[in-house]
Amino acid sequence: MIIQHGACALPGADEFRRLDIRVVDGRIVALEPALEPEAGEETIDAAGLQVFPGAIDPHVHFDEPGFTQREDFLHGSMAAARGGVTTVIDMPCTSLPPVTSLAKLRIKLAAMGQRSVVDFGLFGGVSGHRIEEALERDMAELAPEVLGFKCYLISGMDSFTAVDHFGLARALNTAARLGRPLLLHAEDPSYVNAATVACKARSVSGGQTATWDDYVESRPMGAELAAIAAAISYARPGSRNGGQVQADLRPWLHIVHVGTADAVELLAGFGQGASCETCPQYLVFSRDDFVTLGSALKTAPPVKEAGNAERLWQQLADGRIAFAASDHAPAPAAEKNSGSVWTDYGGIPGSGTLFPLLYSEGFRRGRLGLSALLRASCGAAAARYGLVSAKGSLAVGKDADLALVDPAATRTVRGDALLSKGTITPFEGMTLAGDVVLTMVRGRTVWDGQRATDERPDAGIVVAPGWGKQLRWGNL
Ligand SMILES: [Zn+2]
């Protein structure tokens, strides 16, 4: 097969190049100015389109099994594909059982079955529950199957609890020894838990319903900074966690969904080698937007003060933020609108809008150059999570994971057309420059925008569930 006449986004380049792409057995075998089709060879005409490497969404909650009223792999992966994502990495904490041991990972894989339409990796989890019993053994058994380990310094989940600082240090040591990043949800519990009690009491004693200001003030910027400072402290070389002098663990530390620009600067200054990600919600909104969006915008951490977003764009452009992720975590209306800011579900469907927002609000508005867009949308995540031999760029030898964008089109975000089980999105009604008209995973078209209609957006999914395969570190 040849994808002809497209404007190709090559790694490191800040200009598109008009190249043909030959794909054989799902891999890119040639990238040249003019390839002659062989007899019977299929061609796709990409004239007028921009050809990107498929985006990687390295932070999704597809909730299967256990919370499939919120999301499952079929719907989550369809939403991802529609937005140009060809690889997702699923979090260990929002399924039942959570993925905290190899036996539980196998239960999850069996329950998921063959339903993903895009390739996927899994993260293992380090829950406070397991820490005394079997932390090192569980992590060692999980390592061959997972692309990293996730833990929380604060957790709202009974089934996956937070670790304390000592647990964090142990988990980081163990992850480094196993050659996997440790991903940290970084909000300081000793601030947030106490502040939540105080903010709840304030509205109760005032006889008022709690407001979004109460929620945001219970999880302020300082709580992100404090948690990241702690993590860096235990990762620094020479730290004597548990009595042993340790190596520099900072290169194994990754902070998920950073929403505070000062936190990125702290990490860049003292966390050399550590990495972080941000999400479109932090790049687009500020706390002032709760007034109009309400619970549709609720995430943890919450979006922060105005001014952060523009600084986060700069940090994403210059690489202090390694990449973007969606933190896709939808929930049905009954859970999103529970009647209280404290109990409304925190999470949004984001996988399908991740790349379109980076493209429209980043690249097209001049906040990200082309090479920065490529790093932020796929290149850096592929490198961070051991996928770089097959994923993350348009190059000979890589998987033919492609997102074809019509730069002249626009797309208005509609929650009921996301293909996710979740339809409540803070991006509802935003009109984005460009549209993903075709998504290909290992040479197979997964999303074909020409087949989709307003009534049946899911008709654009043209591959059978199960085309997506599990990815392991190093493409093993
Ligand atoms: Zn998350």
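Rule-based calculations on the coordinates, nothing more; no lab input. On a predicted model such as this, the values are computed, not experimentally measured, just so you know. Positions of Cβ are generated from backbone atoms using ideal geometry, with glycine treated the same way; all protein chains shown enter the neighbour counts.
The table below gives the values:
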quantity: Residue tally, condition outside any loop (DSSP other than H, G, I, E, B) and under 21 Å from residue 186 (Cα atoms), over segment 315-335; calculated: 5
quantity: Positions within segment 192-251 being polar (S, T, N, Q) and more than 30 Å from residue 178 (Cβ to Cβ), in sequence order; calculated: 193, 196, 203, 205, 208, 209, 211, 218
quantity: Qualifying position, being within 16 Å of residue 380 (Cβ to Cβ) and in contact (Cβ under 8 Å) with a residue 24 or more places away in the chain, among 294, 273; calculated: 273
quantity: Residue within segment 303-316 that is buried (at least 22 other Cβ atoms within 10 Å of the Cβ) and within 16 Å of the ligand (Cβ to nearest atom) present; calculated: yes
quantity: Hits in segment 419-476 - residues which are surrounded by fewer than 17 Cβ atoms within 10 Å (Cβ to Cβ), part of a helix (DSSP H, G or I) and touching a residue at least 12 places away in the same chain (Cβ under 8 Å); calculated: 450, 458, 474, 475
quantity: Criterion (within 16 Å of the ligand (Cβ to nearest atom) and touching a residue at least 24 places away in the same chain (Cβ under 8 Å)) met by exactly one of 51, 117, 88, 23; calculated: 88
quantity: Every residue from segment 106-142 that is surrounded by fewer than 23 Cβ atoms within 10 Å (Cβ to Cβ), of a type in the set (A, V, I, L, M) and within 16 Å of residue 175 (Cβ to Cβ); calculated: 131, 134, 135, 140
quantity: Subset tally (residues that are in contact with a Ser or Thr (Cβ under 9 Å, 6 or more places away or on another chain) and away from the ligand (no atom under 16 Å from the Cβ)) for segment 323-334; calculated: 2
quantity: Qualifying residue in segment 47-61 (condition: surrounded by 14 or more Cβ atoms within 10 Å (Cβ to Cβ), among the aliphatic types (A, V, I, L, M) and over 30 Å from residue 333 (Cβ atoms)); calculated: yes
quantity: Subset of segment 226-260 that is farther than 21 Å from residue 147 by Cα and crowded, with 24+ Cβ neighbours inside 10 Å - its residue that is nearest to the ligand (Cβ to nearest atom); calculated: 259
quantity: Residue 83 being closer than 11 Å to residue 352 by Cα, within 16 Å of the ligand (Cβ to nearest atom), within 15 Å of the chain's Cα centre (by Cα) and not β-branched (Val, Ile, Thr); calculated: no
quantity: Condition check for residue 159: hydroxyl-bearing (Ser, Thr, Tyr) and either in a helix (DSSP H, G or I) or within 12 Å of the ligand (Cβ to nearest atom) (or both); calculated: no
quantity: Total residues in segment 155-184, condition out of contact with any strand residue (DSSP E or B) (no Cβ under 6 Å at 6 or more places or on another chain), in contact (Cβ under 8 Å) with a residue 60 or more places away in the chain and among the aliphatic types (A, V, I, L, M); calculated: 4
quantity: Matching residues in segment 335-353 - criterion: being closer than 21 Å to residue 85 by Cβ and away from the ligand (no atom under 13 Å from the Cβ); calculated: 352, 353
